[in-house]
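To keep things clear, I will list the structure first and then write my remarks on it.
Readers should treat all values here as calculations from the given coordinates under stated rules, not as data from a laboratory. None of the values given here were measured: they were computed from a predicted structure. When we count neighbours, we look across all protein chains shown, and the Cβ atoms used for this are built from the backbone with ideal geometry, even at glycine.
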């Protein structure tokens, strides 16, 4: 808040009084509204420092990349929730966001954690091998590799990496991703496509976004996408057809 009135806990994000609202030390009205894009304000609010052009360009690209996935479960849930409770716009969006997880929104945060460790290690090759073998020992797939649809190439990856490089990123986390890809292929004896989750983890790390925040970036993008699905549902409803399709596809067998 604007002052430590309780003498205890504090926040550095936002404070206010009768006349002013401050966000990270900036006046909301004079310094932010009309002066910052949403992505600039998002990064300032979350990270506490003025974002660079490089950071904004990369995060913007990620938000566009992951915003829309078609009629995946989160979008279906949003539409069906609105069908059952048309008075609750926010409830439909929230229902969809609850279904945004590793399977259909990706494992960018987990990928980011791995890439942070590889990039920070003295021996990146050894760290990459340790990461791969640790996942295999737990019988878990290494996140960021393989895709149920894009078997040979995820078309989004090269473009996102190009945007990151064009923005002037240093490149250590992209290098870590490529090292992990090579190491995994050698250990498996076959090539797995590098998917968009690995690329998002790499480029967000290049933009200085910590891995623990990466899921939040994905959720922000998907929230915007769900708003579009819900607005279309209001104008051109398809949820009833989805419901009927579910009834036709699933049989009752006592």
Connecting every pair of Cα atoms under 10 Å apart in the chain and solving the GNM, the largest mean-square fluctuation among 211, 37, 109 falls on 37
Compactness check, the chain: C-alpha Rg relative to the 2.2 N^0.38 Å globular estimate gives 1.18
If one builds a Gaussian network model of the chain from Cα atoms under 10 Å apart, the most fluctuating residue listed among 32, 179, 47 is 32
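Find the relative contact order for the stretch 1-123 and round it to a whole percent, using C-alpha pairs within less than 8 Å whose residues are 6+ positions apart.
With pairs under 8 Å counted, the relative contact order is 12 percent.
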Between the modelled labels at residue 38 and residue 16 (7 Å from Cα along Cα→Cβ) the distance in nm is 2.0 nm
Heads up, the stretch 105-212 by the C-alpha gyration tensor (a ≥ b ≥ c square roots of eigenvalues; a/c under 1.5 rounded, else a/b over b/c prolate, else oblate) looks oblate
The relative contact order of the stretch 105-212, taking Cα pairs under 8 Å that sit 6 or more residues apart, comes to a percentage of 46 percent
In nm, the gap between the two label points placed 7 Å beyond Cα toward Cβ at residue 94 and residue 45 is 1.8 nm
Label model pair residue 192, residue 247: point-to-point distance (7 angstrom along the Cα→beta-carbon line) in nm is 4.1 nm
